[in-house]
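These notes are about the structure you will find just below.
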Amino acid sequence: MKLKFLILGVFLGVLNLHAQEYFPKNDGVKTRNTNYTVFKNAKIHVDPQTIINNGMFAIKEGKITAVGKSINIPANSTVVDLQGKEVYPSFIDLYTSFGISKPKRAENGSQPQYDAGREGYYWNDHIRPDTDAVANFSFDSKEAEKLHKAGFGVVNTHVPDGIIRGTGMLVALTPGVTEGDRIIDERSAQYLSFDKSVQSRQSYPTSIMGTMALIRQAYLDAKWYAGGNADNKDLALEALNENSDLVQIFATDNLLNELRADKVGDEFGIQYVIVGSGKEYQRLDKIKESNATFIVPLKFPEAYDVENPYLANQLSLEEMREWNQAPANLKMLSENKVPFTLTTHSIDAEKEFKANLLKAIEYGLSKEAALAALTTVPARTIGKEGKIGVIKEGAWANFIITSGDYFDKETTLYENWVQGYRTILENMDVTNITGKYDLKVDGKSYELSITGEPSKPKAEVKMGDTKIGSKLSFQDNWMNLLLSSPDTTKTEFVRLSANVPESTDKISGKAIMPNGTETAFTASKQSDAEKKDDKEKKEKMHTVIPVTYPNVAYGFTQKPKQENVLFRNATVWTSEDEGVLENTDVLVKNGEIVRIGKDLNAGGARVIDATGKHLTAGIVDEHSHIAASDINEAGHNSSAEVQMEDVVDPTDINIYRNLAGGVTSIQLLHGSANPIGGQSAILKLKWGESAEDMIFEQAPPFIKFALGENVKQSNWGSTIRFPQTRMGVEQVFTDYFSRARAYESQKKSGEDFRKDLEMETIVEILNGERFVTSHSYIQSEINMLMKVAEAFDFNINTFTHILEGYKVADKMKEHGVGASTFSDWWAYKYEVNDAIPYNAAIMNEVGLTVAINSDDSEMSRRLNQEAAKSVKYGGMSEEEAWKMVTINPAKLLHVDDLVGSIKTGKQADLVLWNEHPLSVYAKPEKTMVEGVFYFDIERDGKMRNEIKKERNELIGQMLKAKNNGIKTQPVTKKEKQRVHCDLLEKVQ
Amino acid sequence: MKSVYNYILIAFLIISGNSSAQQTPAPEQSEAVTIVGATAHLGNGEVIENSLIIFENGKLTQVMDATSTKMQYRGEIIQAEGKHVYPGFIAPNSTLGLVEIAAVRPTIDQDEIGEILPNVRSLIAYNAESKIVESMRPNGVLLGQIVPRGGLVSGTSSVVQFDAWNWEDAVVKEDDALHINWPDAFSRGRWWRGEDPNLKPNKEYTEEIQKLEDFFNEAKAYLAGAQDYTHLPYQAMETVFTGEKRVFVHVDGEKEILDALQFKKDQKLDGFVIVGGYNALGVAEQLKENNVPVLVNRPHSTPEMAYEDYDYPYKLAKLLQDRGVLVGIESSGQMERMNTRNLPFYAGTVAAFGMDKENALQLITLNTAKILGIDDTYGSLEKGKSATLFISEGDALDMRTNRLTHAFIDGRKISLESHQTELWKRYSEKYENQETEKQKEEDSK
């Protein structure tokens, strides 16, 4: 694909060289300037690796024609002497919306909109590949000026609206020409994002996983459409197909989404260029593995204003750390050889760009890497290598002229040339008048000292020891100096004026005295200006706080390792027929339970004295919503196509807190916004690992269904989405299952068919390849779903919540479904009026596999207590009660051969309790997943102290920053919503 | 697997037969009751291993060590060896009886329109026949403070007992306290209006406090004057200034608590209570000095900030008590009404994370009684106090062993049945019968 681009680029270049003018001209005769401009004596940064000292280069008709130590100067040349100056290729920003008019926001409505608003396009308004940057573009000279000042010559611009956003264009920031001259490539890239279009209110998708599913489906549909299978015209899909060989740029704004974008790309063989978040350093291994090029915003968090201690308490450790760490992001990317370019899209290019760039360099980014990120990397990324971003024969004449090393704070950017057109930012032919002078005016002698940049000199005047008020201006080589009278009782001024066309040791001009008389003055140079103290230049040392896994409070600096452990002399709750074994040893090796018995030989394993303690299998939570960036896709009444695995959030502190409550495996379920929800993610709580590495690999696929008030949207949301009654809920299922059967037979027939991710999932369900966990409350609906499933010849695997399960336990047993319920929740809505805490006990008594689940990040950390409630309500035996949070949920998830009990050969997911695990007084001391202690109460104690210390240090650093006049931001507290099934649903 | 317990209970239920949805309130105590041999947890920190407890006409007449007495048993004798006796648990800051089903608007009576409503009284809306209220009793929660919600001044609460025909029957302490929702130093933008939903310093904080001060000052002025017109809110403040009505301030932040203490001082308020107190630890000294107790929010909650100790809510009550603050536990929050029956386990969790068990018990008995100002009658098992108590098979702070056999409110032997036990019974019976039928069928084959 890239090769094709290169060829196209070269071809265009050739065309340009031999271009014939064809535009009529009515304001004069047709002229054409084919003269050369030759620059000599410059330090030329050909590219980040190549520098020509005292070099020359020539440009003609917007292109560079020659570069070298010494080049042939054609007769028709004007020559510019750049003695002492440096030339860099001008910068490129691949992620802007430069010159793009703001998309019009759709008007609000009282009800959500479920169908697409555009006709002749895709079924979802947020898929807009047909959007064309050119059609929405007009050159913004104000913004261009800012970009010129920051050193930019070319930007890629696009309409930043929608999920698939259409094509962007590569445009040169050339002043005073037409758009036709500026556009380098009118179809330079296709853009994507996780954000919906503001131009449409269409509900779907309401979630990140919905967005990912939609992108996947759009790709599949485009392929199918390309085969000529559709009856209708779909301009969006046509455009998507046309755009498929462009560079694909995916905009994200957080680290997890960066990795998610890459995941979708991988599935379709597309390598996205990813617009990042500046937090890539927090998970560098995965970032590197993505093989993507990153467009990183040159933006760093500001320090927080922590003067008020009460406000400071509301600041998360994560936010504080990011302030300290983020400036080192680019250095770390560079060191790890992750290709990246920079973007100004979230900053003020004029004011913040250079300062932030210098900050990154201060934090260790090399100048070469910085220059590459602004020139060659973006050029390569957009398929314009050798055409932009270099000073090389055949490239566009896009370059900047500076007073010295660009990456030096004091350096002045004189000129920014784009396509051979010059923008003067500072006069570079300014005479250097700095120095110490003996100034003689009207017979009086002053000591004049001029310092600073030649273009912005500052004066200090003394007469003997008395300081004289003065004001110096120096423009177009004319010096104007205003001197106040040494007699402070008078407000009188002497005005001096002199033309200084070139460096001289003697400036002479005219002086106008307070009384109006004119006289001559001279200033004889005594010495050069004193060099500024080099103190400032000294490299500042920055201590960057080490990244932890995850990079939040209680993250690990060093990920804990798998250990071989012998638990000695514990009370072992096997959750098997063996029951509870007193004074028993359990040996763990290589992440597995290898032996259970008395007086076992440790054989090199670490021995943990568990005398008086209880060892159990790790708790399995069948119904959890922790560790997720999103819960509900509410845009459709079925969202079978969405995957919770797409939205796992490994940084959620609830993972750690759950471990502290003895939980080791969870089913991360979709919410209950719709009858057919999304696909589950079954996770191992491996705190510190990436989202991907937390997936419980061997667990079979699951999906969430839901019934009752939530899916009817009884307590919130719209009143226009089908279904609004339980009668309708049945119809949704019957309809989808019937359609899935038809879909399957079409698929099997060998005829062309449109691959439909939703139908694929439902076919899996019908074929028993994907298990259903259904959110359910009242007996009628429970019964209904079993009957519908039976009619389609499959089984419901689990009813979750199932608060009236006790009323139909016999029917459930007959159907062969398990139950995962709350211990004692009720009374929060109408359908839980008959929920009773005896539910679990009755269902267990009837012979169902019963689990107690949490559905809540608070309850999940004390599921042992919830299980114990069935001892109280219904008189269940303790062993049976304990099974409800271990082996029973493992059975419901079909992972009981791996976890859920203490049995030889099983994964070593274990909890060591200080007390009887069903007692309110019990707390986990150690929690192990596959032989790794992810929670240890002693280590937790140490971490608390470290966190306190770290917060203190960071607060100290921020106070210091504020004291040094660095801009701070106010503390705001970001709230993470606590989610469970009954408090869900994003308002549309 | 069937436990013997289960069989016994089902048998008991079958014998006792069906009853109506709402349990009939118990009649006045007609004869003395003697409880023998139980471990008595007095609620004041003391334990009597082998106790003798006698009560008559609703009052405790004897609470003593059975091993060292030859006291005559009186009336009904309950042999309770191996069992445990506790004073009835008290649930402060509750909306029990004000809301039945949280998602069904017609059943909600907790939040009236208006900012400052001292005249709004929870008592008259309290539904003594609430199915949720009756579900408290099987867990030992026998009393509660019923509190209106919302606004700056939510209204006036009352303390009730949980076995009554109507609210007049239920009342233990009428109009016991005024409830103030202290303004937050932080506020959150209304995201649905496109405002930043993050918590930010509240610009109106000072203004809100001023509003409160103005109201108190105006009310004082009104009450000192001729009162020639009726002003319901000002009149409702009279007992606040006389000290009869306590002032409960619902507040979590450290700064806000300090400001509230200043308000107490400025307004010369007695009987001042902090409710919630998430960050009260930082101002424990000042609370102690000012003699201000804290009703900490239920320990079964998650820490607000990720950097906080995972067990912070579990141990907050202990940390405050260690610093000399009088502490009780309240259970407001998500699903607060139905969750109030878990009050004993909240205390149990505090004990799990470091507090002595008898001290933890005080968090839901005598401490709370003191905070509500009903400790002359309730909150502990002491001679002369109300016979509001229950007997549990085991440790009542542990769900594993909290199994009530008897409960008494003011000496009245109350039902431990509920809508829920009835459903339990009905469906257990259904399946029992199915089993029997099946057995019969098999036998006849």
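Please treat every number below as a calculation from the coordinates, not as lab data. This one's a predicted model, so the numbers in the text were calculated from it and none came from an experiment. Note that we place each Cβ from the backbone using ideal geometry, even for glycine, and neighbour counts take in every protein chain shown.
Taking every alpha-carbon pair in region B:53-127 and binning the separations at 10 Å intervals from zero gives 13, 30, 15, 18, 17, 6, 0 percent. Farthest toward the positive end of the dipole of chain B, out of B:394, B:237, B:351, is the Cα of B:394, where the dipole comes from beta carbon charges about the Cα centre. Summary of packing: across the peptides B:41-47, A:576-582, A:227-233, the per-residue average of other C-beta atoms within 10 Å ranks them, highest first, as B:41-47, A:576-582, A:227-233.
Please compute the modelled spin-label separation between residue B:204 and residue A:590, points set 7 Å along Cα→Cβ, answer in nm with one decimal. Those two pseudo-labels are separated by 6.6 nm. Among beta bridges identified by DSSP and lying wholly in region B:89-377, the antiparallel ones come to about 40 percent.
I'd like the distance separating the alpha-carbon centroids of region A:599-656 and region A:97-139, in whole Å. About 40 Å separates the Cα centre of region A:599-656 from the one of region A:97-139.
Each Lys or Arg adds one and each Asp or Glu subtracts one; over the other residues with Cβ under 15 Å from the Cβ of residue B:49, this totals -3. In this calculation the C-beta distance from residue A:220 to residue A:336 is compared with R0 = 41 Å, giving a FRET efficiency of 0.75. Here the label points at residue A:51 and residue A:578, each 7 Å from Cα along the C-beta direction, are separated by 7.1 nm in the simple model. Measuring r between the beta carbons of residue B:426 and residue B:304 and using R0 = 35 Å, the FRET efficiency lands at 0.25. For peptide A:865-877, the mean count of partner chain Cβ atoms within 10 Å of a residue's Cβ comes to 6.
Could you work out how much longer the chain between residue A:367 and residue A:285 gets when fully extended? Use 0.36 nm per residue separation minus the Cα distance between them, nm to one decimal. Walk me through the intermediate numbers first.
Details: separation 82, 0.36 × 82 = 29.52 nm, distance 2.38 nm.
Separation in residues times 0.36 nm, less the Cα-Cα distance, equals 27.1 nm.
Translational D (Stokes-Einstein, µm²/s) of region A:435-527 at 4 °C and 1.567 mPa s when Rh comes from the Kirkwood sum over C-alpha pairs? Once the numbers are plugged in, D ends up at 98 µm²/s. Here the Kirkwood formula, the inverse mean of 1/r across different C-alpha pairs, assigns region B:204-323 a hydrodynamic radius of 15.9 Å.
The distance linking region B:43-105 with region B:122-180 is 20 Å (Cα centroid to Cα centroid, whole angstrom). Check residue A:549: other-chain or 5+ apart residues with amide H under 5 Å from its amide H, H built from backbone geometry? Residues meeting the amide H criterion: A:556, A:557. In a DSSP loop and with at most 15 other Cβ atoms within 10 Å, there are no chymotrypsin sites (Phe, Trp or Tyr not before Pro) in region B:178-222.
Taking square-rooted eigenvalues a ≥ b ≥ c of the alpha carbon gyration tensor, is region A:730-795 rounded, prolate or oblate, where a/c under 1.5 means rounded and, failing that, a/b exceeding b/c means prolate?
Values: a/c = 2.51, a/b = 2.33, b/c = 1.08.
Prolate.
Percent antiparallel among DSSP beta bridges with both residues in the protein assembly as shown, to the nearest 5?
Working: 152 of 241 bridges.
Bridges in the protein assembly as shown are about 65 percent antiparallel.
Computed from the C-beta positions of residue A:463 and residue A:41 and an R0 of 41 Å, the FRET efficiency is 0.50 to the nearest 0.05.
Our estimate of slack between residue A:31 and residue A:268, defined as 0.36 nm per intervening residue step minus the Cα-Cα distance, is 80.2 nm.
Annotation: peptides B:284-295, A:799-810, ranked by per-residue average of other Cβ atoms within 10 Å with the highest first, follow the order A:799-810, B:284-295. The GluC sites (Glu not before Pro) of region A:280-369 meeting both criteria, a DSSP state outside H, G, I, E and B (loop) and at most 16 other C-beta atoms within 10 angstrom of the site's C-beta, are A:302, A:307.
Computed on the Cα atoms alone, the convex hull of region A:368-423 gives a volume of 83 cubic angstrom per residue.
Extending 7 Å from the Cα toward the beta-carbon at both residue A:81 and residue B:242 defines two label points whose distance is 10.2 nm.
Computed as a quarter of the hull surface, the mean projected area of the alpha carbon convex hull for region A:139-195 stands at 4.2 nm².
What's log10 of I(q)/I(0) for chain B at q = 0.09 Å⁻¹, Debye sum over Cα points only, no solvent? For the requested q values the scattering log ratios are -0.62.
Globularity index of region A:619-899 is 0.96 (Cα radius of gyration / 2.2 N^0.38 Å, N = number of residues). The 3J(HN,Hα) values that the Karplus relation (6.51, -1.76, 1.60; θ = phi - 60°) gives for region A:358-375 are, in residue order, 5, 5, 4, 5, 4, 8, x, 6, 6, 5, 4, 5, 5, 5, 4, 5, 9, 10 Hz. Gly and Pro appear as x. Size descriptor for region A:658-807, Kirkwood hydrodynamic radius: 16.8 Å (Cα pairs only, one decimal). The GluC sites (Glu not before Pro) of region B:75-114 that DSSP puts in a loop, and whose beta carbon has at most 14 other beta carbons within 10 Å, are B:81. Could you give the angle, 0 to 90 degrees to the nearest 10, between helix A:208-226's Cα long axis and the longest principal axis of the Cα atoms of chain A? It is inclined by approximately 80 degrees.
Close amide H contacts of residue A:857 (hydrogens built in the peptide plane, cut-off under 5 Å, sequence separation of 5 or more or a different chain): A:979. Take A:86-95, A:127-136 and order them by the average number of nearby Cβ atoms within 10 Å per residue, most first; the result is A:86-95, A:127-136.
Evaluated at 37 °C with a viscosity of 0.692 mPa s, what Stokes-Einstein diffusion coefficient in µm²/s does region B:185-229 have when Rh comes from the Kirkwood expression over alpha-carbon pairs? My calculation gives 254 µm²/s for D.
Report, please, the projected area of region B:200-257 averaged over directions, based on the convex hull of its C-alpha atoms, in nm².
Values: hull surface 20.3 nm².
Projected over every direction and averaged, the Cα hull of region B:200-257 covers 5.1 nm².
Average 1/r across all pairs of distinct alpha carbons in chain A, invert it, and you get the Kirkwood radius: 32.9 Å.
Across region B:148-160, coupling constants 3J(HN,Hα) worked out from phi with the 6.51/-1.76/1.60 Karplus curve, θ = phi - 60°, read x, 10, x, x, 7, 10, 6, x, 10, 9, 9, 9, 10 Hz, and Gly and Pro carry x.
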